[in-house]
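Heads up: the structure comes next, in structure tokens.
The values are calculated or read from the model by the stated rules, or taken from the named source; none is laboratory data. Keep in mind the model is a prediction, meaning the values are calculated, not measured. No Cβ is skipped: glycine too gets one built from the backbone with ideal geometry, and neighbour counts run over all protein chains shown. Heads up: the accessible areas ignore ligands, DNA and RNA and are worked out on the full protein's heavy atoms, side chains in. Shrake-Rupley method; radii C 1.70, N 1.55, O 1.52, S 1.80 Å.
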Amino acid sequence: IRTWNVANSLLHTPSRLLTGTRMKNIDEAVLIFHSWVNGYFHWTAESLSRLEGVERYTQATGRQPKVIVGPKINSFQRETLELLGFGSDELVHWDAAYGRIDRLVVPTSRREIDPGNPSPFAHEWLRSKLRQQCLDEVDTSQFADRVYISRNDAPTRRVLNESEVLDLLKPVGFQSYELSQMPV
């Protein structure tokens, strides 16, 4: 799967990046950029959860590797990295055709229970890191106790009769939210 992931990333890399003459030189880094990271699930489950390994590496070595991300990252990627303590100084936006990394840190995805799926322990680590940070920044009293997550703005897997569903849910206290319109 990892080989396919790298190959697929190259296929989706703009040709100007592959044919350019720019070269990056980085002392120590971890790569979390791949072709599917623009989706929230893939970013969270496959990229951010691997940062647990980076945390353990840093604790063991005392060294903090730079984090290689794509040429442009979107708002939820930037926000989650900031919440995890990776500011813009710790990020390398990969926009070169090739480069040299003296020490590449390669954390794998934990898969203790079901080898085909990310570990619930890795997700618990990520949850514990992000939850308190988010709670410190957001007044949760502004949200309803009963939540309906709308996919109205999604290109796929939409609820065709969402307005009828909401007509039934609102009288019993549900509030609809479009997560793409909200911070993490």
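Numerical summary
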item	result
Accessible solvent surface per residue of the chain, calculated while the other protein chains remain in place, 1.4 angstrom probe, Å²	66 Å²
Label assignment, Rg and Dmax of the Cα atoms in Å derived from the structure, set (1) 19.6, 68; (2) 19.3, 61; (3) 19.1, 72	(2)
Accessible-area composition of the chain, carbon plus sulfur, in percent [1.4 Å probe]	54 percent
On Cα atoms only, tilt of 51-61 relative to the major axis of the chain in degrees	40 degrees
Size of charge dipole - the chain - debye, nearest 20, with Cβ of Lys, Arg +1 and Asp, Glu -1, no other charges	740 debye
5 angstrom amide H check on Ser35, placed H, neighbours 5+ away	Ser9
Qualifying lysines (Cα of each under 22 Å from Cα of Lys129; at least 8 residues distant if same chain)	Lys66
Spin-label model distance (nm) - Glu112 vs Leu179, 7 Å beyond Cα toward Cβ	2.5 nm
Pair Asp136, Met23: separation of 7 Å Cα→Cβ label points (nm)	4.2 nm
Angle between the chain longest axis and helix 2-11 axis [Cα atoms, degrees, rounded to 10]	90 degrees
Proximal charge balance of Leu104 [Cβ under 11 Å; K/R count +1, D/E count -1]	0
Helix-only mean residue ellipticity at 222 nm for the chain, each DSSP H run of n ≥ 4 adding -39500 (n - 2.57), per residue, nearest 500	-10000 deg cm²/dmol
